[in-house]
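Just below is one structure, and these are the notes that go with it.
Rule-based calculations on the coordinates, nothing more; no lab input. Predicted model, so just to flag it, every value in this text is computed and none were measured. All Cβ positions, even for glycine, are placed from backbone atoms using ideal geometry, and neighbour counts span all protein chains on display.
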Amino acid sequence: MHEEAASAPLPLLDAPWCPAHEYRGRLGRVQDEIARRGLDGLVLFQPESVTWLTGFYTRGYSSFQCVLVPPEGDPLTCCRDMEAYYLERTGVFAPHVYWTDTDDPIRVAGEAIDGLFGSTPRLGVELDAWPLTARRFLRLFPPSAGAAVDDVSDALAVLRRIKSPSEVALVRRAARAAEAGMAAAADTARAGITERVLAAAISDALIRAGSDTPGPGVLSSGERAFHLHGSYTDRELAAGQTVQFEVLACVRHYHARFMRTIKVSRASAEDFRLAERLIRIQDDAIAAVAPGVHASVPDAIYRNGVLSAGLAERYTNKTFYGVGLLLPPSGGEGPEAHPAADWAFAANMTFHTYVLARDFGFSETILVTETGCERLTKWPRELIVAGTGA
């Protein structure tokens, strides 16, 4: 059944990515949250919130846009008139107001807020949304006006953690695309080519396999492999070098990603031992994931495993973070696992989980099931030795 869902015809990018009834159900849950918090409505700015709730997607989301959600009835979208085609085709809810390039978009949005909610509402606003700059906030909700503002940055973020079957199907498809990118990396990496050539091969495979965006994600070789967030350069790969990289794919902007480590041309016995140890630690951590399990349990397995093996003097990075609907610059969604995390896993959450030590890294995208978890990225869990014929 999973494979059938992953091969069913996909909606185009300029059509709703999930069934219309699903967006109606999401609206009902959001309006329940409005009532629970005693608010007169929400004003949403985070691009993922806009798309998740209304279906509306345009690659021009960096132009100012927001969605006004009343306690009852359909939400209203405020966006640039250049996006009318995409709003009409992807948006599930009809109410809208457009601003033009000769308008002041903040004034247009402010008038829409006053018109829908009145002059003295109590509104929930996503204060940590990156499009809501300090200047925009002060103009939309000036201290001298009558509106009271509550921070609801967590509201839709929490609702979005539990994925619907249609969302999980998109993450599965992204995982298949990511695997195609990994296959391209394993086939292409060899001494003498540049990181740029390797990245191009991965990106080509991702796009051909259905990813909406090219990758590859982080990629670095040689001494840079000891530092996680490298980008490809014109540096040439050399025999014996490590390439630490992540293949990142998305289908309808639902993401899957995973990391492997490549040794160029040859690997030592110590390389294989390190890879096997990290994979064993990660296998134990993933096996501990199940609904109701506190995030600290598999997190501790990672940390204790790496530290007790003497692979690091300290281990400070998070070990799980949510993935799903992500629009740049967002790189992940909540929640995150670390020693101070205060949440538990639940069925139908999707995560990227990773382990790092020295210049090696391994990771997977996983789905929490009713009884445990499923690894969605299914590439063999092993050190890749590539370019042995070079």
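Annotations
- GNM result for the chain, Cα springs below 10 Å: residue of ALA309, ALA145, ALA155 fluctuating most strongly: ALA145
- Sites MET82 and ASN317, calculated FRET efficiency, Cβ-Cβ separation with R0 45 Å, nearest 0.05: 0.65
- Global form of the range 165-386, assessed from the alpha-carbon gyration tensor, a/c cut-off 1.5: oblate
- The C-alpha atoms of the chain define a longest principal axis, and helix 296-308 lies at about 30 degrees to it.
- Between ARG260, ARG26, ARG252, the Gaussian network model of the chain with springs among Cα atoms under 10 angstrom shows the greatest mean-square fluctuation at ARG26.
- Inverse mean reciprocal Cα-Cα distance (Kirkwood Rh) of the range 2-159, Å: 16.1 Å
- Build a GNM of the chain with springs between Cα atoms under 10 Å apart, and of PHE320, PHE351, PHE141 the one that fluctuates most is PHE141.
- Structure-based [θ]222 nm, the chain - -39500 (n - 2.57) summed over DSSP H runs of at least 4, per residue, nearest 500: -10500 deg cm²/dmol
- Normalised by the number of residues in the chain, the mean separation of alpha-carbon contacts (under 8 Å, six or more apart) gives a relative contact order of 14 percent.
- In this rough spin-label picture, where each label sits 7 Å from Cα along the Cβ direction, the ARG24-SER164 distance is 1.1 nm.
- Using the Stokes-Einstein relation with a Kirkwood hydrodynamic radius computed over Cα pairs, the translational diffusion coefficient of the range 276-390 at 4 °C and a viscosity of 1.567 mPa s comes to 87 µm²/s.
- Tail fraction, Cα-Cα pairs, the chain, threshold 38 Å, whole percent: 26 percent
- You can think of it this way: the chain between THR369 and ARG107 has 89.7 nm of extra reach, that is 0.36 nm per residue less the Cα-Cα gap.
- Take the Cα of SER62, go 7 Å toward its beta carbon, and the backbone nitrogen atoms of the range 326-348 under 14 Å from that spot belong to 327-330.
- Percent RCO, i.e. relative contact order, over the range 2-159, from Cα pairs under 8 Å lying at least 6 residues apart: 24 percent
- For the pair ARG139 and THR120 in one chain, pulling the backbone fully straight at 0.36 nm per residue adds 5.3 nm over the alpha carbon distance.
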